[in-house]
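The values are calculated or read from the model by the stated rules, or taken from the named source; none is laboratory data. Values in this document were obtained by computation on a predicted structure and should not be read as measured data. Don't worry about glycine lacking a Cβ; one is built from the backbone with ideal geometry, like all the others, and counts go over all protein chains shown.
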Amino acid sequence: MFTRMRWSGLLFCAVAGLCLLAWSTGLRGGDRTAEAETILAKATDLLDLRGTDGAPFLLKAEVRLTEGAKSVDGVFAVSWAAPDRFRRVIGFPDYKETDVARGENYYSKRNTEGIPLMIWQLGGLMDSLELRKELPAGSKVRRVENESVAGKEATCIWTGPGKGDFKICVYAATYELASIDAGLDGPPQTQRRYEYGDYQEFGAKKYPRRLAFSGWDKRAIEVKVEKMIPVHEFAADEFAPPAGAVISKLCNGTEELKGHPEPLSGARIPVGFDDLDMDIYFEITPIGAVRSAQIVYSSDPKSNKEILSWFLGTSFPIKTCDGRPIGYQTLYHFGDRR
């Protein structure tokens, strides 16, 4: 999700409909690969409101988070003037967060020590249209097909570092993103789906008024954008830091991960755990220590407690921004599925 480094997330998208030849069935893989790469570039220009050519805006949305049979409603709001000047507010009955960027400084205040899994994923969903930064390292176009999505023609692109970890479908006639399926290389319980609809024009850009996430064994997020308007001038105190905020440095530079997770017991998987399949959400400090952990999916829930204790004291890769260590959140896979 969005962190103090930048508005991150774990996603990217594509746009379809370059020319009549793109819809013929006899194209070779190389021909469609070039088409898909062009589509990705055009999608970036259309959907990224916070690029260098972005205009100031105010966004306010209603949000519903669902885990199993429990749901909670809240709000998500953003005042954006520039990449280094914005305010983001998240509000739920048990969670409050305000983030402000002013120049090189980043101010963050929340009523919890860490960032819950679903709040992190909400940030990822809302940031999923910031395309230039979301393409996973080593991603390649694996397959391109024409499909009907919600009764409309779309181009679907399978891409990723693996054989096709992501499937991105985009409406051909409008350049609007329809959906993204992620984690396709894993079991159904760990796959995620992102959906977008009810687009509005915003100058030369477009933005969906409805966004949705589903996955991770009955977890879901629904977002309804109530207000998305251009702003010619913000109030003088719009970007005033919240009282008591933690101050850090904003990162719009190069981020890097160095190292590998190293549990105290060593890199060897404990006896009896070789066949486990597990995804764990970690919050990592700037020195690579585990701040908190939550199991997202487990093939053997009875082993959860022991696996978490195995990671107690783990040294994770240190993430840096232009060489400076920073904290981060990550979804870590335990097992040999990937």
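Of the strands (runs of 3 or more DSSP E) lying entirely inside region 299-338, the ones with 1 or more residues being among the basic types (Lys, Arg) and surrounded by fewer than 16 Cβ atoms within 10 Å (Cβ to Cβ) are found at 324-326. Considering region 47-85 alone, what residues qualify as being part of a strand (DSSP E or B), surrounded by fewer than 16 Cβ atoms within 10 Å (Cβ to Cβ) and among the aliphatic types (A, V, I, L, M)? Passing the criteria: VAL72, VAL75, ALA82. Taking each residue of region 245-259 that is in a strand (DSSP E or B) and looking for partners that are among the basic types (Lys, Arg) and surrounded by 14 or more Cβ atoms within 10 Å (Cβ to Cβ) with beta-carbon atoms closer than 6 Å, six or more apart or interchain, yields SER248/ARG4; LEU257/LYS319. Among the residues of region 113-158, those identified as at pLDDT 85 or above and of a type in the set (Val, Ile, Thr) are ILE115, ILE119, VAL144, VAL149, THR155, ILE157.
Region 169-243 holds strands (runs of 3 or more DSSP E) entirely within its bounds, and those carrying 3 or more residues that are hydroxyl-bearing (Ser, Thr, Tyr) map to 192-202. Taken over region 200-219, the criterion of being of a type outside the set (Lys, Arg) and buried (at least 18 other Cβ atoms within 10 Å of the Cβ) is satisfied by TYR207, PRO208, LEU211, ALA212, PHE213, GLY215, TRP216. Would it be correct to say that ASP181 is under 18 Å from SER214 (Cα atoms), charged (D, E, K, R) and touching a residue at least 40 places away in the same chain (Cβ under 8 Å)? The answer is no for ASP181.
Here is a yes/no grid of residues against (1) farther than 26 Å from GLY123 by Cα; (2) modelled with pLDDT under 90; (3) in contact with a helix residue (DSSP H, G or I) (Cβ under 7 Å, 6 or more places away or on another chain); (4) in the same structural domain as VAL63 (by TED's automatic domain parsing):
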site	(1), (2), (3), (4)
LYS227	no, no, no, yes
VAL231	no, no, no, yes
PRO241	no, no, no, yes
GLY244	no, no, no, yes
LEU264	yes, yes, no, no
ASP279	no, yes, yes, no
GLU283	no, no, no, no
SER299	yes, yes, no, no
LYS305	yes, yes, no, no
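Which one is surrounded by the most Cβ atoms within 10 Å (Cβ to Cβ) among residues in region 86-129 that are acidic (Asp, Glu) and over 24 Å from ALA55 (Cβ atoms)? It comes out as GLU97.
Yes or no, residue by residue, for (1) basic (Lys, Arg); (2) closer than 20 Å to LEU59 by Cβ; (3) in contact with a strand residue (DSSP E or B) (Cβ under 6 Å, 6 or more places away or on another chain):
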position: ALA173; (1), (2), (3): no, no, no
position: SER179; (1), (2), (3): no, no, yes
position: ALA182; (1), (2), (3): no, no, yes
position: GLN189; (1), (2), (3): no, no, yes
position: TYR199; (1), (2), (3): no, yes, yes
position: GLY203; (1), (2), (3): no, yes, no
position: ARG210; (1), (2), (3): yes, yes, yes
position: TRP216; (1), (2), (3): no, no, yes
position: ARG219; (1), (2), (3): yes, no, yes
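Is it fair to say THR44 is under 18 Å from the mean Cα position of the chain (by Cα) and surrounded by 18 or more Cβ atoms within 10 Å (Cβ to Cβ)? Spelling it out, THR44 is indeed under 18 Å from the mean Cα position of the chain (by Cα) and surrounded by 18 or more Cβ atoms within 10 Å (Cβ to Cβ).
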